[in-house]
Amino acid sequence: MNHANSISAVHTDQSVRLVPMLIAGTLLTFITVLIMTVSANAQTPAPPQSQPIALTGGTIYTVSNGVIENGTIVFEDGVITAIGQNVQIPMGAERVDVSGKEIYPGMIDAYTRMGIFEIGAVGMTVDINETGDFNPNVTPEIAFNPESRHIGTARTNGVLTAITTPGGGIISGQSSTMMLDGWSWADMVLDSRTGMMINWPSADDDDYGDELLALHDFVAEAKAYHKAKQAFINGNAPRLENDSRLEAMGALISGEQPVVVEADEMREIQDAITWAEDQNFRIIIMGGRDAHYISEFLVEKNVPVIITEVLDAPDRDWEAYDDQYRLPAKLEAAGVTYAIAGGSSAPYTFRLANDAGASVAFGLTFDEAFRAVSLTPAQILGIDNRVGSLETGKDATLLITTGNPVEYSTQIEQAYIQGRAIDMTDAHRALYEKYRQKVERQIGQ
């Protein structure tokens, strides 16, 4: 064997030995991340409600029907059965005295990666995007991780319902409404196809027209597919070969499902609304950074906006520093239907109340700000028959607090999801208790 071959053999041998070492290292990293995640997220899903529960003596903020002082709210089998001041409490009900406290519906984050994003630096914990431009068949609930540590920090800060949203491409897939408590995704899903998500192409790109043409062609193909499918059902055409992507467009084409278009710039918003009107789709604008510049157009077309950036700097040099802070108040004054979301990041879902609270400092009232993270997103997304306000017949998904949840100093003392009293531990509270003890020990020395 010559010298070159000897070196090659040595390198080959070393490579062979390195392969299992690399695999072992990767597995060790994964196991370490998993252990850290589980240990930091020790919440145990609550058992189903086993008896009627009556919360008595609190101030109830229904959102939809005003405020009830010294009120009582009763729920059974996860559903609100009575609410008011003179409520008959069923025999055998568990009575919880909440005198001096306030009761609100749980907040809704209308745009988040909750359950499909864990640690950005660890690729195997991120499951947001699929390959390709058109993936309407993607539904994120089946990939939802019920052990996510972000669930605990979100719900102890008042967010009890999350609209988990896929990303990537032009048609990203369908968002899923998830309750933030349960053993598996099947336990947690409230609505599996809340909206069809579209990332509207950037108007600044040279290929803007080509991308819009591709979107138009895909929708036309989907409509032709469903027309041919109906012809087969009616006995007027041969059977079609199933196409999962085109099949998934059925609810959107029939009008049962809205299209949620992520667009920020004025031209993009206007083009998206014109396109949706032409296609006969019910449209919701997600993002809406420039929505206040075209508020009259939005009111005329009756198009709601889910704001995703409140705590953010202005986009243009000539805009005022508080341009985004005042966006909710500007839309409120203009009569635009709007909700406030948390900007998609799962680790920051717990900050939803801060986004809404900032809008109070810049023009909204507390009631308007809370409605923007409770009843209004539920109405916009078509889930207000279950969540968003406190009414008989709706899910008992609610908060017991020391004040309005969007007020920074408010404490969430207990939360219920469909009548289940959830575990109020989370990674943030665990760290707080740990270092509180450290300070107390230092003071005691």
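The values are calculated or read from the model by the stated rules, or taken from the named source; none is laboratory data. No experiment lies behind these values; they were computed from the predicted model shown. For neighbour counting, all protein chains shown are included, and Cβ atoms are generated from backbone atoms with ideal geometry for every residue, glycine included.
Taking the criterion of being touching a Phe, Trp or Tyr at 6+ places or on another chain (Cβ under 6 Å) and surrounded by 20 or more Cβ atoms within 10 Å (Cβ to Cβ), the only residue of segment 179-205 that qualifies is 201.
Would you mind listing the helices (runs of 4 or more DSSP H) fully within segment 223-326 where at least 3 residues are hydrophobic (A, V, I, L, M, F, W, C) and within 23 Å of residue 381 (Cα to Cα)? Spell out how you get there, then give the answer.
Values: elements: 244-247, 250-254, 266-279, 295-301.
Output list reads 250-254, 266-279, 295-301.
A quick yes/no check of all residues on (1) on the phi < 0 side of the Ramachandran plot; (2) modelled with pLDDT of 95 or more:
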| position | (1), (2) |
| --- | --- |
| 330 | yes, yes |
| 337 | yes, yes |
| 344 | no, no |
| 350 | yes, no |
| 364 | yes, yes |
| 378 | yes, yes |
| 383 | yes, yes |
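In segment 416-439, the residues that are at positive phi reach residues that are part of a loop (DSSP other than H, G, I, E, B) with C-beta atoms within less than 7 angstrom, at least six apart or across chains, in these pairs: 418/78; 418/396; 418/397; 419/49; 419/77; 419/78; 419/396. I'm trying to understand the selection: among the residues of segment 84-138, which are among the hydroxyl-bearing types (Ser, Thr, Tyr), surrounded by fewer than 16 Cβ atoms within 10 Å (Cβ to Cβ) and closer than 27 Å to residue 263 by Cα? Listed by number, the list holds a single entry, 131. Among residues of segment 160-174 that are in the same structural domain as residue 249 (by TED's automatic domain parsing), those with a Cβ under 6 angstrom from a residue that is basic (Lys, Arg), sequence gap 6+ or separate chain, pair up as 174/193. Summed over segment 325-343, residues that are crowded, with 23+ Cβ neighbours inside 10 Å and either under 30 Å from residue 146 (Cβ atoms) or outside the structural domain of residue 128 (by TED's automatic domain parsing) (or both) total 4. Restricted to segment 95-149, and to residues there that are aliphatic (A, V, I, L, M) and free of Cβ contacts under 8 Å to residues at least 24 places away in the same chain, the residue that is farthest from residue 397 (Cα to Cα) is 121.
The set of residues from segment 210-269 being of a type in the set (Phe, Trp, Tyr) and touching a Pro at 6+ places or on another chain (Cβ under 8 Å) comprises just one member, 232.
Within the group 182, 173, 168, 195, which residue is out of contact with any His (no Cβ under 6 Å at 6 or more places or on another chain), more than 28 Å from residue 385 (Cβ to Cβ) and either at pLDDT 95 or above or not hydrophobic (A, V, I, L, M, F, W, C) (or both)?
Numbers: 182 fails: more than 28 Å from residue 385 (Cβ to Cβ); 173 fails: more than 28 Å from residue 385 (Cβ to Cβ); 195 fails: more than 28 Å from residue 385 (Cβ to Cβ).
The match here is 168.
Of the residues that make up segment 182-199, is at least one in contact (Cβ under 8 Å) with a residue 60 or more places away in the chain, under 28 Å from the mean Cα position of the chain (by Cα) and assigned to a loop (DSSP other than H, G, I, E, B)? Yes, some residue in segment 182-199 is in contact (Cβ under 8 Å) with a residue 60 or more places away in the chain, under 28 Å from the mean Cα position of the chain (by Cα) and assigned to a loop (DSSP other than H, G, I, E, B).
A quick yes/no check of all residues on (1) farther than 19 Å from residue 196 by Cα; (2) among the β-branched types (Val, Ile, Thr); (3) buried (at least 20 other Cβ atoms within 10 Å of the Cβ):
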residue	(1), (2), (3)
276	no, no, yes
279	no, no, no
284	no, yes, yes
295	yes, no, no
300	yes, no, no
306	no, yes, yes
312	yes, no, no
317	yes, no, no
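Of all residues in segment 298-314, those that are on the phi < 0 side of the Ramachandran plot and assigned by TED's automatic domain parsing to the domain that holds residue 360 have Cβ atoms under 8 Å from Cβ atoms of residues that are exposed (fewer than 14 other Cβ atoms within 10 Å of the Cβ) and outside any loop (DSSP other than H, G, I, E, B), 6 or more apart or on another chain, in 301/277.
Residue-wise test of (1) more than 18 Å from residue 334 (Cα to Cα); (2) assigned by TED's automatic domain parsing to the domain that holds residue 181; (3) surrounded by fewer than 22 Cβ atoms within 10 Å (Cβ to Cβ); (4) not hydroxyl-bearing (Ser, Thr, Tyr).
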residue: 363; (1), (2), (3), (4): no, yes, yes, yes
residue: 367; (1), (2), (3), (4): no, yes, yes, yes
residue: 373; (1), (2), (3), (4): yes, yes, no, yes
residue: 380; (1), (2), (3), (4): no, yes, no, yes
residue: 383; (1), (2), (3), (4): yes, yes, yes, yes
residue: 398; (1), (2), (3), (4): yes, no, no, yes
residue: 401; (1), (2), (3), (4): yes, no, no, no
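Being closer than 19 Å to residue 259 by Cβ, assigned by TED's automatic domain parsing to the domain that holds residue 258 and of a type outside the set (Asp, Glu): is that true of residue 198 here? Considered against the rule, which asks whether it is closer than 19 Å to residue 259 by Cβ, assigned by TED's automatic domain parsing to the domain that holds residue 258 and of a type outside the set (Asp, Glu), residue 198 comes out as yes.
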